[in-house]
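Below is one structure, written out as structure tokens; the observations come after it.
The values are calculated or read from the model by the stated rules, or taken from the named source; none is laboratory data. Every value quoted in this text rests on a predicted model; they were computed, and no experiment measured them. Note: ideal-geometry Cβ built from the backbone for every residue, glycine included; neighbour counts use all protein chains shown. Note: areas computed on protein heavy atoms with side chains; ligands, DNA, RNA excluded. Shrake-Rupley method; radii C 1.70, N 1.55, O 1.52, S 1.80 Å.
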Protein chains: 2
Amino acid sequence: LNRVDTALVVGVGLVGGSLAAAWRKVGYARRVLGFDRNLEAANVAVERGLIDESVTELPAHVDVLVVCTPSDQIAAQIAQCAAHADLIMDVGSVKEPILETLRGQYGGVPENYVPCHPIAGSELSGPTAASADLFDGALVVLTPETESRLSEVAAAAWECVGAQVSSLSAAAHDQMLAVTSHLPHLLASAYMQQVEAPALPFTGGGFKDFTRIAAANPELWWRILSMNKAHVIAAAEEFITHLKAFTDTLEAGDQVAGVQALSEAARLRQQL
Amino acid sequence: LNRVDTALVVGVGLVGGSLAAAWRKVGYARRVLGFDRNLEAANVAVERGLIDESVTELPAHVDVLVVCTPSDQIAAQIAQCAAHADLIMDVGSVKEPILETLRGQYGGVPENYVPCHPIAGSELSGPTAASADLFDGALVVLTPETESRLSEVAAAAWECVGAQVSSLSAAAHDQMLAVTSHLPHLLASAYMQQVEAPALPFTGGGFKDFTRIAAANPELWWRILSMNKAHVIAAAEEFITHLKAFTDTLEAGDQVAGVQALSEAARLRQQL
């Protein structure tokens, strides 16, 4: 473990609060500071011991700074904070639009910025839901434009809290996550719009699991889906093609094709 | 608890084996017998203590008989077994086609048949997955054509293992379950057909929950979806309408409408 002196988490909600708590737990930094515009959240983070100290202004210099604000605020925060840290990371669920905004509106991508996306979360949000174990066994995708010593430092900051680290291009990340993460949220939510309240008692464990992600924070998810909308809409259209193919098979009563389609899906799912 | 002398479970897989085990656990019957064409399953049921005894022929008379075979075999089993029991039930996920088959091919619906559907299950199957607690807190839907003393006896047989009982018409049941149970299986499976194996590492807990039901037994689910295909296809078409409305909102960047749609879905899900 390559310890650092000071780490600063900007945005101490579910993800930021969990990372701060995890860093404290493993002793990654001598001090883990937290910054949150929402002072109540900052106070909760202190009370729950997620951070050592809450700050209301950016320190002149920290070793590692991670931006854990909602996705659509990340580019501005990166631009504003980059000069205050040796390494600056984020945890945004969509990567390419952040780089585009930095290039288009903020004069470029800071050299000390390593874009990160930990694939971990919960339908809950805020520092009360934070947990030092959130990243244990999780995958964190790094999307640096060029691999550098800083990407290794960033990787180590995640690995020390139990995460596995993988690298992808920002474009490949956004396209893949549209399918593996954003589309399921869209489908679960569209499905819940079809369910009527009186039907809720007639549901079982399958329904509960299938729809859990539909309970996630609507504002946060609107931002994520919007930022990645080209990939998300393309994924939804591909989904409709698969669904229609299956209902055609059902309509036709084609048992061989139907069982084969269900079996392929089951086999792939069972690999998890 | 109104105990009976002999109960017979036909088909000792996940559901039948669990019901037998639950009945044994609460002492519902002096003897819980099991019948399964698959002798290995019958042996496992005996070894695991799910049933008191395995039988290879129908006894002349039992008090309660429950058919727990795959949905498309239930009508034939009901017709064959009804005369051997005071009360005969089933656990099929689709109700109206069973009644139609009994009327069309077997001379009518036996008077002692109370159609049942316990909304409980697992992506696993077979007697090795059976559990005496499967129905604890579950809802069991009864769809008798007329309420009678027998429906009360049937309700008591489920309530004694911790289930809640509700009555619906067979048609209302099939239409509602198309939305609350069959459609989620269809959607999860169609979704998994879109996911490529190399993407699996880039998935989190949301994905795992959302897709769990896609791992369910393909043959069983093909039969369920086929038997209820008119309602299932209608539900899938309605789903596509909801999904397209949401992607249109996303395309248009209509934040107010988008957050409202996500919020309504989240609120309803949070009621569970």
Output ³J(HN,Hα) for the stretch B:209-225: one whole-Hz value per residue in order, computed from phi by the Karplus curve 6.51 cos²θ - 1.76 cosθ + 1.60 with θ = phi - 60°, and x for Gly and Pro. 5, 4, 9, 3, 5, 5, 7, 5, 4, x, 5, 4, 6, 4, 5, 5, 4
Please compute one quarter of the surface area of the Cα convex hull for the stretch A:171-244 and express it in square nanometres. 5.6
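Can you give the average number of partner chain beta-carbon atoms within 10 Å of each beta-carbon in peptide A:218-227, as a whole number?
Details: counts 10, 5, 1, 6, 12, 3, 0, 6, 6, 0.
Averaged over the peptide's residues, the number is 5.
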Please list the non-local residues whose amide H lies under 5 Å from the amide H of B:Ala29, H modeled 1.01 Å from N, same-chain partners needing a gap of 5 or more. B:Val4
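Hey, what's the stretch B:1-135 come to in accessible area per residue, 1.4 Å probe, Å²?
That works out to 41 Å² per residue.
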Nearest 100 Å² is fine: how much accessible area is buried between B and A, summed over both sides, with a 1.4 Å probe? 7400
In Å, the Kirkwood hydrodynamic radius from C-alpha pairs for the stretch A:80-169 sits at 13.9
Work out, step by step, the length gained on full extension between B:Thr146 and B:Ser166: first 0.36 nm times the residue separation, then minus their alpha carbon distance; give nm to one decimal. 5.8 nm
Bin width 20 Å, origin at 0, all Cα-Cα pairs of the protein assembly as shown: what percent of pairs per bin? 21, 44, 27, 8, 0
Quick one: what do you get for the stretch A:115-272 if you divide its Cα Rg by 2.2 N^0.38 Å? 1.24
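Can you tell me which of A:247-255, A:14-22, B:186-194, B:123-131 comes out highest on packing, and rank the rest after it, using the mean Cβ neighbours within 10 Å?
Numbers: A:247-255: 15.4, A:14-22: 27.1, B:186-194: 24.0, B:123-131: 18.8.
Ranking the peptides A:247-255, A:14-22, B:186-194, B:123-131 by packing returns A:14-22, B:186-194, B:123-131, A:247-255.
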For the rotation taking B to A, I'd like to know which residue in chain B has the C-beta closest to the axis, plus that distance in Å. B:Asp209, 2
Cβ neighbours within 10 Å from other chains - mean over B:116-126: 2
Roughly how far apart, in whole Å, are the Cα centres of the stretch B:42-108 and the stretch A:99-167? 56
Derived scalar couplings ³J(HN,Hα) [the stretch A:144-154; Karplus, 6.51 cos²θ - 1.76 cosθ + 1.60; whole Hz; x for Gly, Pro]: x, 5, 9, 5, 8, 4, 5, 4, 5, 5, 4
Across the residues of B:177-186, average count of Cβ atoms on other protein chains within 10 Å? 6
Over the alpha-carbon set of the stretch A:1-89, divide Rg by the Kirkwood Rh and report the Rg/Rh ratio to two decimals. 0.93
Would you pull out the residues with amide H under 5 Å of A:Ala85's amide H, same chain only if 5 or more places away, H placed 1.01 Å from N? A:Val62
The alpha-carbon center of the stretch A:197-272 and that of the stretch B:251-265 are separated, in whole Å, by 20
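Probe radius 1.4 Å, ligands and nucleic acids ignored: give me the carbon and sulfur share of the accessible area of the stretch B:124-214 as a rounded percent. Can you show the working numbers first?
Values: 1660 of 3250 Å².
Carbon and sulfur: 51 percent of the exposed surface of the stretch B:124-214.
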What is the list of residues in the stretch A:38-63 whose amide nitrogen lies under 16 Å from a point 7 angstrom out from the Cα of A:Leu124, following Cα to Cβ? A:41, A:44-50
Quick calc of log₁₀ I(q)/I(0), the stretch A:209-272, Debye, one scatterer on every Cα, no solvent, q values 0.20, 0.24, 0.27 1/Å, result -0.98, -1.05, -1.08
Projected convex hull area of chain A, Cα atoms, direction-averaged, in nm², equals 16.3
Per the Kirkwood treatment, what hydrodynamic radius in Å, one decimal, follows for the stretch A:131-222 from the mean inverse distance over all distinct Cα pairs? 15.9
For the stretch B:262-272, Karplus-derived ³J(HN,Hα) couplings (6.51, -1.76, 1.60; θ = phi - 60°; whole Hz; x for glycine and proline) come out as 4, 5, 4, 4, 5, 4, 5, 5, 5, 5, 6
Between A:His84 and B:Ala234, the FRET efficiency computed from the C-beta separation at R0 = 56 Å comes out, to the nearest 0.05, as 0.45
